[in-house]
């Protein structure tokens, strides 16, 4: 006698998928190893180098906020709290890999080879800030939310068609996963098995919109499943865990196994940008304190100190080095000839539209005075 077919339960399927996304973690908040099997193959020198980069970048963030308030920088999106998410993922890359950043992802560009002076000029809106040196495989930070995901799918497909052992990596925030470009990008890359890594830096707030109002999905990582992309949820305050999952995603991609989506659970300590956002209006002091206890630099510092690889003297030395580097870079940026409106018009068009030709003459006269 045939058994009766069980009624399909769509809710049960959803719950089962969501339950699979356990967060990958190697270091706990106290810097203790909680998953020895996942420890990445990094030398002591590499571990120290990663810490140095995180410390340097934290200083850069502090100084950039100061410079912005002084009127010496333009657009700036703070990065403190996201160092592990940003720098450990970039550390897993090779020089031939391409980075397609969002506007908060300038640190990855710098460690991929972009001179700091160029980063400062980008912030000021100077065209030279978008003229990257030869060999820096990256695009300028994308301002349009999620647009870099579509671009990354195209760049990754280009890498595949050229037979290169490289990947294209991109970043967006939790809010970016609600954009149409997000879905189009991951679906295209999945369909063509393009060597792409899609990082979602879930810093809990899309400007002032909390993550729980952004989507009803229990994780953002699971959004990759619908496109057939292997996806992972990782502790974004744990540099070793972020490095590990990114390295494995890269290895899969260069083997021809297609893209990966990585959700990093992280936090931004500062405002969304320095353009008037006030996080105290939508975040509580208790929430800030909870995440400050998970600070990626403090956690990694404890881990390295326990191994005898780091101490206060080393950290202070690197803080001073960062300050000196930043001082020299901003001085160099100050020495670059100011951009004029007519210069911008000249480099924007091969053939200037008639309506702008008239404006061009007006500005040219103003600039001559």
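See the values below:
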read-out	value
Evaluation of residue 275 against (1) farther than 28 Å from residue 224 by Cα; (2) assigned to a loop (DSSP other than H, G, I, E, B); (3) in contact with a helix residue (DSSP H, G or I) (Cβ under 8 Å, 6 or more places away or on another chain) (one fails), failing number	(3)
Residue in segment 210-243 that is farthest from residue 280 (Cα to Cα), counting only those that are out of contact with any strand residue (DSSP E or B) (no Cβ under 7 Å at 6 or more places or on another chain) and touching a residue at least 60 places away in the same chain (Cβ under 8 Å)	243
Single condition residue 259 does not satisfy, out of (1) surrounded by 23 or more Cβ atoms within 10 Å (Cβ to Cβ); (2) closer than 26 Å to residue 58 by Cβ; (3) touching a helix residue (DSSP H, G or I) at 6+ places or on another chain (Cβ under 6 Å)	(2)
Residue match in segment 91-99 (condition: in a strand (DSSP E or B) and buried (at least 20 other Cβ atoms within 10 Å of the Cβ))	yes
Selection from segment 166-203 of residues that are buried (at least 24 other Cβ atoms within 10 Å of the Cβ), under 12 Å from residue 148 (Cβ atoms) and without any contact (Cβ under 8 Å) to a residue 60 or more places away in the chain	182, 185
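Residue by residue, here is whether (1) assigned to a helix (DSSP H, G or I); (2) farther than 21 Å from residue 85 by Cβ; (3) not assigned by TED's automatic domain parsing to the domain that holds residue 175 holds:
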{"position": "247", "(1), (2), (3)": "yes, no, no"}
{"position": "283", "(1), (2), (3)": "no, no, no"}
{"position": "287", "(1), (2), (3)": "yes, no, no"}
{"position": "313", "(1), (2), (3)": "yes, yes, no"}
{"position": "323", "(1), (2), (3)": "yes, yes, no"}
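A quick yes/no check of all residues on (1) modelled with pLDDT under 95; (2) surrounded by 13 or more Cβ atoms within 10 Å (Cβ to Cβ):
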residue	(1), (2)
254	no, yes
274	no, yes
288	no, yes
291	no, yes
306	no, yes
310	no, yes
321	no, yes
343	yes, yes
353	yes, no
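The values are calculated or read from the model by the stated rules, or taken from the named source; none is laboratory data. Note that this is a predicted model, so its numbers are computed, not measured. As a convention, Cβ positions derive from the backbone with ideal geometry for all residues, glycine included, and neighbour counts pool all protein chains shown.
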